[in-house]
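One structure is given below, encoded as structure tokens.
The values are calculated or read from the model by the stated rules, or taken from the named source; none is laboratory data. Source: prediction; values computed, not measured. A quick note on method: Cβ atoms are made from the backbone with ideal geometry, for glycine too, and the neighbour counts reach across all protein chains shown.
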Amino acid sequence: MAIPSSPGARADISRGATHAQPGSYRSALTLLASLFFMWGFITVINNTLLPHLRSVFELDYTQTTLIESVWFIAYFVASLPSAKLIQRIGYQKAIVIGLLTMAAGALLMVPAARIPSYGVILIALFIIASGITLLQVAANPYVTVIGPPETGPARLNLVQAFNSLGTMLAPLFAGYLILGRSKSGTATAGIQLTQAERYADAQSVILPYLIVATVLIVIAFVIARFHLPAIGQSSQRASKEDRAALSLWSHRNLVFGVPAIFIYLIAEIGVANLFISFVSQPDIANITHETASRYLALLWGGMMVGRFLGSFLMRSIPAETVLAIFSVGAFVVMLVTTFADGSVAMWS
């Protein structure tokens, strides 16, 4: 799951950018695809982590969704500092720092689980999300300009496909290592855990986050040693008049697009975060959290298919028409989910 890169960062590299030769950027693009995979993978682990932590700490739904709120607050807080850091140290070093920041947050999950402490877990997740933000601000525009301008969108679509692959595989990974190894994950809905069982369940997050931290450190080491093609940057600044003429908010589509994306993210993240708890209810599917995590993989896989399908349809159908049709369809399906129960609610 990727967010748009910082406008400042994109503007800086688009002015005076020097594009790499095909032989040099393709191997770099392959390496950068692993970044998109990892941040999609780690982000969606949260969908599995939420119902698990809800059982461990006996949280209500408001406290549970605070976990995801902290995650996206980090995007808001860290975006502009990330753009400034990239301007100072460059894209390659910023990517390495982003990976190591994510690894540090993943390692902090170990003592957070040992204690266990809900507050320390929130801090760890904030650190991981801050590292992901730095990666996104650096990698999105870098991928766009690393090769020929005419194939920039295609390159971005390609690496974002790896992001979608990460979001689809993460529930299977976390479902097996977290929910599959915990009492709350393998118990049916309504079972009350003892304090000893909750403490034991808290330990199940240690192994997956150690694995994630190790992979991030390895990727950071490889990228630090790899010669990424240099991207030229112009030191010239646009004049005050030019900036006024190029104001983003003068574009009608952007004015309506920002709240549309805001609402879309509420729908996407809300559905994914509450999916496991929802389908595990007795009147829906009455399955364990571990089993529900496998269906969550189908949900994210469906989103991946939808991205490819949308890209294909927009070759012959105007984008606004495709958006309108899919929006109405999603609205109808969510109404069905709201008022139905059993398998109808689950599969809708």
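Scanning segment 335-348 for residues that are farther than 18 Å from Gly301 by Cα and part of a helix (DSSP H, G or I) gives Leu335, Val336, Thr337, Thr338, Phe339, Gly342, Ser343, Val344, Ala345. Cβ separations smaller than 7 Å between residues 6+ apart or across chains give the following pairs from segment 97-120 residues that are surrounded by fewer than 20 Cβ atoms within 10 Å (Cβ to Cβ) to residues that are of a type in the set (Ser, Thr, Tyr): Val110/Tyr209; Pro116/Tyr199.
Picking from residues in segment 45-88 that are not aliphatic (A, V, I, L, M) and not in a helix (DSSP H, G or I), the one that is surrounded by the fewest Cβ atoms within 10 Å (Cβ to Cβ) is Asp60.
Residue-by-condition table, conditions (1) more than 30 Å from Tyr61 (Cα to Cα); (2) β-branched (Val, Ile, Thr); (3) in a helix (DSSP H, G or I); (4) modelled with pLDDT of 85 or more:
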site	(1), (2), (3), (4)
Ala230	yes, no, no, no
Arg237	yes, no, no, no
Arg243	yes, no, yes, no
Leu265	no, no, yes, no
Ile269	no, yes, yes, no
Gln281	no, no, no, yes
Gly306	no, no, yes, no
Gly310	yes, no, yes, no
Ile325	yes, yes, yes, yes
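The criterion of being at pLDDT below 75 and either touching a His at 6+ places or on another chain (Cβ under 6 Å) or on the phi > 0 side of the Ramachandran plot (or both) holds for Gly190.
Hey, does segment 138-147 have a residue that's in contact with a Lys or Arg (Cβ under 9 Å, 6 or more places away or on another chain), under 26 Å from Ile276 (Cα atoms) and modelled with pLDDT of 75 or more? Checked against the condition, which is being in contact with a Lys or Arg (Cβ under 9 Å, 6 or more places away or on another chain), under 26 Å from Ile276 (Cα atoms) and modelled with pLDDT of 75 or more, segment 138-147 yields no hits at all. Within this structure, Val96 passes the test of being farther than 30 Å from Lys183 by Cα, in contact with a helix residue (DSSP H, G or I) (Cβ under 8 Å, 6 or more places away or on another chain) and either at pLDDT 85 or above or outside any helix (DSSP H, G or I) (or both).
Entry remark, segment 48-90: residues being farther than 30 Å from Glu197 by Cβ and in contact with a Lys or Arg (Cβ under 6 Å, 6 or more places away or on another chain) number 0 in total.
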